[in-house]
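Colleague: Structure incoming, see below.
No value in this document is a laboratory result; all are computed from the given coordinates. Here the structure is a predicted model, which is why all the values come from computation and not from measurement. We place every Cβ from the backbone using ideal geometry, glycine too, and count neighbours over all the protein chains shown.
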Amino acid sequence: MKKSVWMVGLSLVLLLVFGLDAQTQPKEVTESLTTSWYITAKVVSLGEDRIYLIYEAVGVAVTDTGEGLFHGATARVLGGHTIEKGFYNDELGYGVWNLQNGDKIFMTYKFAGKAGTGGVAKGTFTIIGGTGKCAGIQGSMEGTRTIVRTSLEGVGQAFLKSKIQYKLP
């Protein structure tokens, strides 16, 4: 009898210890986003059919569900790439999402695709840090960006459909 009481007690202690540990594990969250971008660029010609382009873009993201960490987040990015014969495969940039609660999430990204109106590019993002409740965040995002006909001379516009996966500490 004493042995079974001792086993039950030990089982409860182990369950409590490991059960609490399981609850403290960060859970991965996935959100589907659409981000609308306003883009300004500087271009230098590198001969016939080749240019180098650097840009700054600002955008606003909405989630498909209308809620979540990234819903209503604004973003600012700086990037650049070489366009040769209308295509590029070396786009690289860095940026920050500004969340509605005031926290920031920092990112880096890479894209490849077709330039110009109607151009489509595929890319990946890596979360490299955060502030406030997002300090220690880890995650990544994949998406497809489409360049649309602009409504203002000298400004680019695009939208990005993506899925982001992240874990908060």
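Colleague: Name the GluC sites (Glu not before Pro) in the range 52-130 that are in a loop by DSSP and that have at most 15 other C-beta atoms within 10 Å, would you? Numbers along the way, then the final one.
Modeller: On the way: sites: E56, E67, E84, E91; in loops: E67.
Hits after loop and neighbour filter: E67.
Colleague: Please give the calculated 222 nm ellipticity per residue for the chain, where each DSSP H segment of at least 4 residues contributes -39500 (n - 2.57) and the sum is spread over every residue; nearest 500 deg cm²/dmol?
Modeller: When only DSSP H runs of four or more count, the value is -5000 deg cm²/dmol.
Colleague: Beyond 22 Å between alpha-carbons counts as too far, so tell me which of K42/K163; K85/K122; K42/K104; K110/K163; K42/K85 fall in that bin.
Modeller: In this structure, K42/K163; K42/K104 exceed 22 Å between Cα atoms.
Colleague: Sticking with this structure for a sec: So if a site counts as exposed when it's one of the trypsin sites (Lys or Arg not before Pro), its DSSP state isn't H, G, I, E or B, and it has at most 11 other Cβ atoms within 10 Å, what's the longest stretch of the chain without one?
Modeller: Numbers: sites that count: K27, K85, R149.
Between the exposed loop sites, the longest stretch runs 86-148.
Colleague: Okay, moving on. Would you tally the net charge around H71, using a Cβ to Cβ cut-off of less than 11 Å, leaving H71 out, and scoring K and R as +1, D and E as -1?
Modeller: Once positives and negatives cancel, what remains is -3.
Colleague: Still on this model: Tally Lys and Arg at +1 and Asp and Glu at -1 over the other residues with C-beta under 13 Å from the C-beta of K85: what net charge comes out?
Modeller: Values: positive: R50, K114; negative: E48, D49, E84.
That sum, taken over residues with Cβ under 13 Å, equals -1.
Colleague: Turning to a different aspect of this structure: Can I get the semi-axes of the chain's equivalent ellipsoid? Compute them from the C-alpha gyration tensor as square roots of 5 times the eigenvalues, in angstrom, largest first.
Modeller: 46, 16, 13
Colleague: Setting aside same-chain residues fewer than 8 positions from K133, which aspartates and glutamates have a Cα under 12 Å from its Cα?
Modeller: Qualifying aspartates and glutamates at Cα under 12 Å: D103.
Colleague: Between V96, V120, V29, which gets the highest mean-square fluctuation from a Gaussian network model of the chain, Cα cutoff 10 Å?
Modeller: Highest fluctuation of the listed residues: V29.
Colleague: Which value in nm describes the separation of the simple spin-label points at K167 and I54, placed 7 Å from the Cα toward the beta carbon?
Modeller: 3.7 nm
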